[in-house]
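Enquirer: Below: one structure in structure tokens.
Bear in mind these aren't lab numbers, they're just calculated from the coordinates by the rules spelled out. Since the structure is predicted, the reported quantities are computational estimates derived from the model, not experimental observations. Backbone-built Cβ (ideal geometry, glycine too); neighbour counts: all protein chains shown.
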Amino acid sequence: MSVVLITGAASGIGAATAHEAVRRGHRVAIADIDMAGASLLATALGPAACAVQLDIRDEKAWEAAFDTVASRFGPVEVLINNAGIIHTGYARQLSMAQHRHMVDVNLVGPMTGMMTALPRMRAQGRGHIITICSMSSFMPLIGYTSYGATKHALRAFHHSVAIEEQGGPVTFSIIHPPGTRTPMLEQEMADPSSVITFAEKPLDPEQVASMIVDAIAKKPLEVVHPALAGRFQRVAGVFPRLMHFAIPRVAAMARRRSPGAGPGPVTAREQGGSR
Ligand SMILES: NC(=O)c1ccc[n+]([C@@H]2O[C@H](COP(=O)([O-])OP(=O)(O)OC[C@H]3O[C@@H](n4cnc5c(N)ncnc54)[C@H](O)[C@@H]3O)[C@@H](O)[C@H]2O)c1
């Protein structure tokens, strides 16, 4: 059984993963910028869980979080880089501050976590880094411009480091959840620009949590779900003409499924402001 640090574990997929990991006998650090939420969950999960204050953008806070967990449970053996955010809206409707916020949290945050974990895990002779990415790391999507860009880049960074570290004591896995019923998905569903969300039936966070906790033991290189649709998205993302043909059609189908979703990106009235 392992000592597991999960970022963004006060809510959604991270919280469900903390539940499942404790249920399967792991000791779990619930790390989040939302300390009140993390503490509430840690108390509910009992002595195998603890709450850790962590803003993943803060390099010093990462070092402190690893030290706190080491003094409570022993050195972190599994890092699950899960925390992420979205600002919904078409690219032109978001402020540069919102674009930058996504880059800082979704890309620089997990990179900082990996760079904190790697020397420690190499020194202790074991470790596993699990990155929670997104199907948007394979294919640019309408309404997910910077979000998808951060996930493309995060996937590239993760695999580059994993290949550099091949044969060493640290292993690497990526999980790409499809749409999952969490506060993040509710935020997307409330915004017509994210209509592509309605193209598929979302999973429950417990289903994704089970895949993530399975990965602790199985150490897969990369998991997409569902496997077949996931493969299609990966292929479509490679060919620009296919991408430009398919994505507006999938969005139009999703718009028909969700009559409240409003017009597409070209006809949408400028809204601006923060979301
Ligand atoms: N929900 C989906 O449909 C979906 C699909 C694919 C991928 N994902 C990815 O799964 C991960 C979890 O998403 P979720 O849907 O559970 O989201 P969520 O909004 O329910 O939870 C995100 C958690 O991250 C925390 N957080 C935000 N900024 C932080 C920061 N700077 N430092 C530390 N913690 C921070 C929040 O406080 C929150 O507890 C994200 O990386 C997301 O991109 C989600």
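Enquirer: By count of other Cβ within 10 Å, fewest leading, how are Asp32, Asp191 ordered?
Expert: Values: Asp32 27, Asp191 20.
Exposure proxy ranking, most exposed first: Asp191, Asp32.
Enquirer: What does the extension gain come out to for Ala217 and Phe239, with contour length at 0.36 nm per residue minus their alpha carbon separation? Show your work: numbers first, answer last.
Expert: Numbers: separation 22, 0.36 × 22 = 7.92 nm, distance 3.45 nm.
The Ala217-Phe239 span can extend by a further 4.5 nm.
Enquirer: Can you give the calculated 222 nm mean residue ellipticity of the chain, where each DSSP H run of n ≥ 4 adds -39,500 (n - 2.57) and the sum is split over every residue, rounded to the nearest 500 deg cm²/dmol?
Expert: Details: 10 runs with 130 residues, N = 275.
Estimated from H runs of four or more residues: -15000 deg cm²/dmol.
Enquirer: With no solvent and one point per C-alpha, what does the Debye sum give as log10 I(q)/I(0) for the chain at q = 0.13 Å⁻¹?
Expert: -0.84
Enquirer: Could you work out how far helix 240-257 tilts from the main Cα principal axis of the chain, as a 0 to 90 degree angle to the nearest 10?
Expert: For helix 240-257, the angle is close to 80 degrees.
Enquirer: If you build a Gaussian network model of the chain, linking Cα atoms that sit under 10 Å apart, which residue out of Glu63, Glu164, Glu77 swings the most?
Expert: Maximum among the listed residues: Glu164.
Enquirer: In sequence order, what are the phi-derived ³J(HN,Hα) couplings for the stretch 8-24 according to the Karplus relation 6.51 cos²θ - 1.76 cosθ + 1.60 with θ = phi - 60°, rounded to whole Hz, with x for glycine and proline?
Expert: The phi angles translate into x, 8, 7, 8, x, 4, x, 5, 5, 5, 4, 4, 5, 5, 5, 4, 8 Hz.
Enquirer: Which GluC sites (Glu not before Pro) in the stretch 181-238 sit in a loop by DSSP (not H, G, I, E or B) and have at most 15 other Cβ atoms within 10 Å of their own Cβ? All intermediate terms of the calculation are to be shown ahead of the outcome.
Expert: Numbers: sites: Glu186, Glu188, Glu200, Glu206, Glu222; in loops: Glu200.
Here the GluC sites (Glu not before Pro) that fit, given the DSSP loop and packing criteria, are Glu200.
Enquirer: For Asp67 and Ser210, what does the FRET efficiency come to when R0 = 35 Å and r is the distance between their Cβ atoms, rounded to the nearest 0.05?
Expert: Values: r = 30 Å, r/R0 = 0.87.
The formula returns an efficiency of 0.70 here.
Enquirer: What FRET efficiency comes out for the pair Met35/Ile163, r = Cβ-Cβ distance, R0 = 35 Å, nearest 0.05?
Expert: Here the calculated transfer efficiency is 0.45.
Enquirer: Right, here's the next one. Could you work out how far the C-alpha centroid of the stretch 100-114 sits from that of the stretch 117-188, in angstrom?
Expert: Measuring centre to centre over Cα atoms gives 11 Å.
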